[in-house]
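Taking it in order: structure first as structure tokens, then the write-up.
The values are calculated or read from the model by the stated rules, or taken from the named source; none is laboratory data. If you're wondering where the values come from, they're calculated on a predicted model, not measured in any experiment. Cβ: placed from backbone, ideal geometry, glycine included. Neighbour counts: every protein chain shown.
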Amino acid sequence: MVGAEGLSPTRVVVIGGAYGGAFTARALAEKLTPDQVHITVIEAKGHFYCIPGTPRALVDKSFASNIWAPLDKLFNTARVNKKFPDAPSHQVVHGTVSEVHAKHVIVQETGEFYPYDYLVVATGIQFHKPLSTAFTSRDDGMAWENKYAEQVARAKKVLVVGGGPTGVEIAGEIKHAFSDTQVTLVHSSDQLLDDRLNANFRQRLTERARQVGIQLVLGDRVAIKPTDPTDPVALPETDSPLPMKTFVTEQGRTLEADWVIQTVGGKVNTSFMAPLLANAPAGVNWDTVVEPTSNALRVYPTLQLAHPDLTNILAVGDVNNFPCIKTAFRTMNQSKIAAKNLATLILNDRRDSPQDCTALKLAPYVDNLNALIVTLGPKAAVGLLPIMGGRVFGDWVCRLIKSSDAIAGSAWSSVGSKLLKT
């Protein structure tokens with residue numbers, strides 16, 4: 001295929017097919033014709049994995065299939081087809097990118113090379129199990145999630161470590177599904193969530209969590225050795241009662257639990273960038289591009305890698321070091337900026353000299369999205385929405401937006417499919 005000016009389409013490879021990768025790819029496909037750009041999305045799970053729905057899937061076996069949205073219709077969404085009725089030539093590849101080089105990436109499972117002019121890294125963050133499965137098969141992942149839900153159903157006392165959004169949502173899902181189960185959540189601050197968030201929102205959520213029956217241990221910590229995010233959690237093979245264990249917090253509180261869920265300590269994996277950086281121009285090395293403590297990719301406000309020789313690579317979402325609280329909402333907003341900037345670069349044909357883009361007035365990402373909804377099961381939630389400077393809403397409004405299906409339905413529709421069961 002050859003573009004209008006005799007050039008072949010600009011090749012864009014996107015690593016990751018969830019909120020950062022899929023949304024960037026779709027938005028770019030809506031902006032440019034197939035003659036102008038060819039997009040390849042490479043996703044290790046082969047599906048759009050709806051991480052906000054994970055807390056419910058780990059409690060409700062019937063919900064597990066909802067968080068695995070197919071990507072086969074990603075480029076056949078209504079907005080793409082309205083502009084380009086002929087089927088776009090873009091592609092989705094089920095595989096794991098093991099190596100990034102200056103002009104291509106390598107997929108681990110097949111050893112195939114995928115060349116690129118521009119690269120988007122949107123690999124997210126690896127949480128501790130059970131929050132993010134290491135499975136690359138939907139069937140294997142669902143089977144494990146179903147087995148995990150069976151174990152949670154057997155528990156009498158559940159200890160959740162970490163009072164961020166995911167920890168609170170898991171605690172809320174368990175308490176909603178199993179009202180007789182004692183659910184205790186330990187958080188280091190005196191209110192739930194991050195100290196940088198709206199104080200009224202945090203207070204309302206803390207109060208609501210107590211109202212639904214979650215026992216909160218605030219301003220304290222419990223030392224539990226974390227599992228590596230890449231290791232599977234060993235689930236019991238028998239139906240015998242789960243063993244009760246005792247934990248002592250830093251403040252001397254004694255807690256009992258027969259099931260522990262850790263929701264802190266996730267990490268970013270950018271090891272696949274090593275081949276590129278090992279052979280990069282002088283002055284480019286691992287520490288200039290990757291933050292040593294978090295492994296996040298350093299970016300300019302335009303979401304391009306923060307080095308003039310690597311501005312043809314963009315990082316979107318949790319994998320970058322942009323100073324903001326990481327949420328799916330913010331990742332979706334970043335994907336819009338990434339797609340806009342990629343379209344500008346491609347239309348100005350900067351594929352051979354991507355560093356010469358300072359005069360293009362690329363759009364910066366501005367973190368002004370004052371929004372977060374934290375659910376406590378399908379019927380309860382507290383939300384901070386960007387209305388009147390950031391207003392706090394309760395169950396009814398939040399249920400319409402998120403609680404009822406943990407936004408799985410919107411995830412499916414965003415990649416061109418319809419969720420039949422929620």
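Scan the stretch 365-385 and give yes if some residue there is loosely packed, with under 14 Cβ neighbours inside 10 Å, out of contact with any Pro (no Cβ under 9 Å at 6 or more places or on another chain) and at pLDDT below 90, otherwise no. No, that holds for no residue.
Filtered by the rule that a residue be closer than 15 Å to residue 405 by Cβ and in a helix (DSSP H, G or I), the stretch 33-64 gives 51, 52, 53, 54, 55, 56, 57, 62, 63, 64.
Among the residues of the stretch 280-288, are any touching a helix residue (DSSP H, G or I) at 6+ places or on another chain (Cβ under 9 Å), assigned by TED's automatic domain parsing to the domain that holds residue 307, among the β-branched types (Val, Ile, Thr) and modelled with pLDDT under 90? Checking the stretch 280-288: at least one residue is touching a helix residue (DSSP H, G or I) at 6+ places or on another chain (Cβ under 9 Å), assigned by TED's automatic domain parsing to the domain that holds residue 307, among the β-branched types (Val, Ile, Thr) and modelled with pLDDT under 90. Within the stretch 296-338, being under 15 Å from residue 100 (Cβ atoms), in contact with a Gly (Cβ under 9 Å, 6 or more places away or on another chain) and at pLDDT below 95 holds for 307, 309.
Filtered by the rule that a residue be over 18 Å from the mean Cα position of the chain (by Cα) and not in a loop (DSSP other than H, G, I, E, B), the stretch 154-173 gives 154, 157, 158, 159, 160, 161, 171, 172, 173. Of the strands (runs of 3 or more DSSP E) lying entirely inside the stretch 298-404, those containing at least 3 residues that are closer than 27 Å to residue 196 by Cβ are 372-375, 381-385, 391-393.
Only strands (runs of 3 or more DSSP E) wholly contained in the stretch 89-153 count here; list those with 3 or more residues that are surrounded by 21 or more Cβ atoms within 10 Å (Cβ to Cβ), assigned by TED's automatic domain parsing to the domain that holds residue 38 and touching a residue at least 60 places away in the same chain (Cβ under 8 Å).
Ranges flagged: 118-121.
For the structure I just gave you, tell me whether residue 221 is at pLDDT 90 or above, loosely packed, with under 14 Cβ neighbours inside 10 Å, more than 26 Å from residue 331 (Cα to Cα) and in contact with a strand residue (DSSP E or B) (Cβ under 8 Å, 6 or more places away or on another chain). Criteria not met by residue 221.
Of all residues in the stretch 269-285, those satisfying the criterion of being surrounded by 15 or more Cβ atoms within 10 Å (Cβ to Cβ) and either among the hydroxyl-bearing types (Ser, Thr, Tyr) or without any contact (Cβ under 8 Å) to a residue 60 or more places away in the chain (or both) are 270, 277, 284. Checked against (1) more than 17 Å from the chain's Cα centre (by Cα); (2) modelled with pLDDT of 95 or more, residue 42 passes all but condition (1).
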